[in-house]
1. Positive end of the dipole of the chain, charges at C-beta (+1 Lys, Arg; -1 Asp, Glu), about the Cα centre: which of Cys19, Gln76, Ala49 has its Cα farthest in that direction?
2. Show me, bin by bin at 10 Å from 0, the whole-percent P(r) of the range 87-209 based on Cα pairs.
3. Taking every eigenvalue of the Cα gyration tensor of the range 154-204, multiplying by 5 and rooting it, what semi-axes result, largest first, whole Å?
4. Per residue, how large is the accessible surface of the range 1-85? Use a 1.4 angstrom probe and give square angstrom.
5. On full extension of the chain, what length is gained from Ala142 through Ala13, given 0.36 nm per residue of separation minus the C-alpha to C-alpha distance?
6. With a 1.4 Å probe and every protein chain kept in, tell me what percent of the accessible surface of the range 109-152 is carbon plus sulfur.
7. Calculate the radius of gyration of the Cα atoms of the chain to one decimal place, then report Dmax, the largest Cα-Cα distance, as a whole number, both in Å.
8. With all distinct Cα pairs included, what does the Kirkwood hydrodynamic radius of the range 146-240 come out to in Å, to one decimal, could you say?
Amino acid sequence: MTTISNNLQRVHAQIAKACEQAGRPAGSVALLAVSKTFGPEAVRDAAEAGQRSFGENYIQEAVEKMAIVAEYGLPQPLEWHCIGPIQSNKTRLVAEHFYWAHTVDRLKIAQRLSDQRPEHLPPLQICIQVNVDGGANKSGIAPEEAAELVRAAAALPRIVVRGLMSIPEPAADFAAQLAVHQRAQKLFADIAAQQIAGLENFDTLSMGMTDDLDAAVQAGSTMVRVGSGIFGKRSYPNAA
Ligand SMILES: *Cc1c(COP(=O)(O)O)cnc(C)c1O
């Protein structure tokens, strides 16, 4: 068995244990494998071990990787999620190549993604990225503005607003991680309760990475994004 396949098993076991400790049903948390900076072979190894959803930050790099992976003839179709910052000049690539985008934090980006989503593809599934802990230079909309963006994005025809996404600053311990993830969960629940038109599929809270996975699951994450825990340490100097 490859290391990647072993790591995937370990991460699945960790998620299952965290679900149990949180009193949540097994299988209530999806695993997104974050393959940024790793080559197409790493994606292939993970896919052959059963992984289906992959997260990428660098859009151009991702599109090139997808083209190579498509040639492998893998047993299942893969689902690619954009989890990196989306500038206006990259929306077309995202709309044409990804199944999900987690990092929508302005209406202009949502609008362009909807306009540019090709007719032959299903609507793009998006999350609104929220800057839950208020880091000054961070992307993500302020929590108090999130509901309004959700409402506006939900009205667009070619995207489906699936939920919220957050990337908190690394926190020292479990309690601190839990506190910030719980803020995201509360915001998610508040918005879900508002009965916004077009928000029938608001079911995703994308939060938790390798180092804060347990706290994220405890707080109610429905999709964890795990990179180094599956693929190993990243070596690009610019890897975030
Ligand atoms: C890199 C990255 C991850 C994965 O981080 P790890 O600590 O390697 O698990 C998850 N989410 C986002 C947005 C990332 O940029």
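The values are calculated or read from the model by the stated rules, or taken from the named source; none is laboratory data. As the structure is a computational prediction, the values presented were derived from the model and not from experiment. Neighbour counts are summed over all protein chains in view; Cβ atoms, including those assigned to glycine, are modelled from backbone coordinates with ideal geometry. The accessibility values were calculated without ligands, DNA or RNA, using every heavy atom of the protein model including side chains. Shrake-Rupley method; radii C 1.70, N 1.55, O 1.52, S 1.80 Å.
1. Gln76
2. 14, 46, 31, 9, 1
3. 27, 12, 6
4. 47
5. Extending this stretch completely gives an extra 43.1 nm.
6. Carbon and sulfur together cover 46 percent of it.
7. 17.0, 48
8. Evaluated over the range 146-240, this radius sits at 14.5 Å.
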